[in-house]
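See structure below.
The values are calculated or read from the model by the stated rules, or taken from the named source; none is laboratory data. Worth saying up front: this structure is predicted, and the values here are computed from it rather than measured. Virtual Cβ from ideal backbone geometry, glycine too; neighbours counted across all protein chains shown.
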């Protein structure tokens, strides 16, 4: 792809670093920005810089937040004895959109994947185990995507807390095996939360 401007080429190359964005799409976005008032581009740049520099991670659940404690953890109306374990913030958004869950969350920040070099120590598992051992948690819901990596992560956490006096459950398999949670429709995901099953049952099916 030939560019008449090095500045345009640099902008296109940077935009193309984003997931799912190829060079042609990046060029279209860059040219779109060029056609907008300079203030619009300034607003976009300011929003991105502010997000990158000022965003925080909740001290309790590791959710993305503007404050040290996210709005969900700070909400006294939530059931604090039930924790839903998810991979990342997109899963929290997906479950919240169903309106079927009123407990708290714990974001692991990924899944155990030896192929990708991701082990338990690189995830937010230790803080989750600490919550369980503190004695305030009554139920842990495993809501990771039903993939091999998700099941491996569920089982690892289960082994860490199996001697604790809590209920462990997993979302019902209305979510097809191998599907990512964030792509499930709200009705199916909502039913999977409401109709969750004991985690031990999922072990028998594997």
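Looking at 169, 145, 192, 113, just one residue is modelled with pLDDT under 90, within 27 Å of residue 65 (Cβ to Cβ) and either outside the structural domain of residue 81 (by TED's automatic domain parsing) or in contact with a helix residue (DSSP H, G or I) (Cβ under 7 Å, 6 or more places away or on another chain) (or both), and that residue is 145.
A quick yes/no check of all residues on (1) within 19 Å of the chain's Cα centre (by Cα); (2) buried (at least 16 other Cβ atoms within 10 Å of the Cβ); (3) within 23 Å of residue 162 (Cβ to Cβ):
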{"site": "48", "(1), (2), (3)": "no, no, no"}
{"site": "55", "(1), (2), (3)": "yes, no, no"}
{"site": "66", "(1), (2), (3)": "yes, no, no"}
{"site": "112", "(1), (2), (3)": "yes, yes, yes"}
{"site": "122", "(1), (2), (3)": "yes, no, yes"}
{"site": "139", "(1), (2), (3)": "no, no, yes"}
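Name the residues in segment 148-165 that are surrounded by fewer than 20 Cβ atoms within 10 Å (Cβ to Cβ) and either touching a helix residue (DSSP H, G or I) at 6+ places or on another chain (Cβ under 8 Å) or not in a helix (DSSP H, G or I) (or both), would you? Once the filter is applied, which keeps residues that are surrounded by fewer than 20 Cβ atoms within 10 Å (Cβ to Cβ) and either touching a helix residue (DSSP H, G or I) at 6+ places or on another chain (Cβ under 8 Å) or not in a helix (DSSP H, G or I) (or both), segment 148-165 yields 155, 156, 158, 160, 161, 162, 163, 164, 165.
The conditions of being outside any helix (DSSP H, G or I), exposed (fewer than 13 other Cβ atoms within 10 Å of the Cβ) and touching a helix residue (DSSP H, G or I) at 6+ places or on another chain (Cβ under 9 Å) are not met by residue 62.
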